[in-house]
Amino acid sequence: MYDYYNTIFVNHLLALMPYNHQMIKLLLLLLTVFTTINALEIIQRPISFSEHRKALTLEYIHSHYGLSPEDITITPKVIVVHFTAIPTLQGSFEAFDREELPSSRSDISGKNASANVSVPYLIDRDGTIYQLMPDNWMGRHVIGLNYSSIGIENVGKLGTLTDKQLEANIALISHLQKKYSKIDYLIGHSDYRCFEASPLWLERDKNYRTEKNDPGEAFMNRLYQAIPTLKKAPCQ
């Protein structure tokens, strides 16, 4: 099957070669991704997620969303892409591994908000994908949308994310699309407030907002070019 798609891509490249270098670059990237998807490797590196952390997550759901589920299982409908703002894989992993929110995160602390931040996926600068927790458990990574979203964190900060990370994001997102049929949206963390008028938005505290710029407009635009089948944030 992948030889068939490779042939299609080569034919498109030959047709475009005289005049459209940007499209050629995109097709070459997608060709790499199609090959990667065929053998997508996800390394399991679980963060600490004991019964205590699950209880803190349930408290968060009840306090912020007004829901009282029996467990922290979610139905993913949104993929949210982030960067960690931390330069190393180990430092990024440690930021998610502790179960309770550190005192340094006063911007998102408060009553029944002591569960630490968490996401299912962390992508290193060389494109290696790590799974930190089940992707149908609620992580804490985006105000208002945690209960319907899967978070993907990329090691690095604005303007430093690599082509290898881009390729890994495309491959992982394509994999998640196939795994969860209800996923409709692909957004950057910076666009989370676009959902405030959406039924997916559950945050009850009108004063609980933060300003975000991750993962950057240029990175998201390249993702949207490669994955046009998912919707952008409603205000895009």
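P(r) of segment 42-226 in 10 Å steps, Cα pairs, percent per bin? Percent of pairs per bin, in order: 9, 40, 39, 11, 0.
Placing a label point 7 Å from the Cα of residue 137 along the Cα-to-Cβ direction, the residues of segment 53-75 whose backbone N falls under 18 Å of that point are 53-62, 69-75. Once you reduce segment 96-131 and segment 160-236 to the center of their Cα atoms, the two points are 18 Å from each other. Relative contact order of segment 130-236: 35 percent, from C-alpha pairs under 8 Å at least 6 residues apart in sequence. Applying 1/(1 + (r/R0)^6) with R0 = 30 Å to the Cβ-Cβ distance of residue 126 and residue 55 gives a FRET efficiency near 0.25.
Taken over segment 138-236, lysine pairs spaced eight or more positions apart, or on distinct chains, with alpha carbons under 29 Å apart number 26. Peptides 227-234, 212-219 ranked from most to least packed give 212-219, 227-234, packing being the mean of other C-beta atoms within 10 angstrom over each peptide's residues.
What is segment 42-226's relative contact order, in percent, from Cα pairs under 8 angstrom and six or more apart in sequence? The partial results should precede the final answer.
Values: 336 pairs, mean separation 53.9, N = 185.
Taking the mean separation of contacting Cα pairs over the length of segment 42-226, I get 29 percent.
Since every read-out is calculated from the coordinates, none of them should be taken as a lab result. Only a predicted model underlies this, so the values are computations on that prediction, with no experimental measurement involved. Cβ: placed from backbone, ideal geometry, glycine included. Neighbour counts: every protein chain shown.
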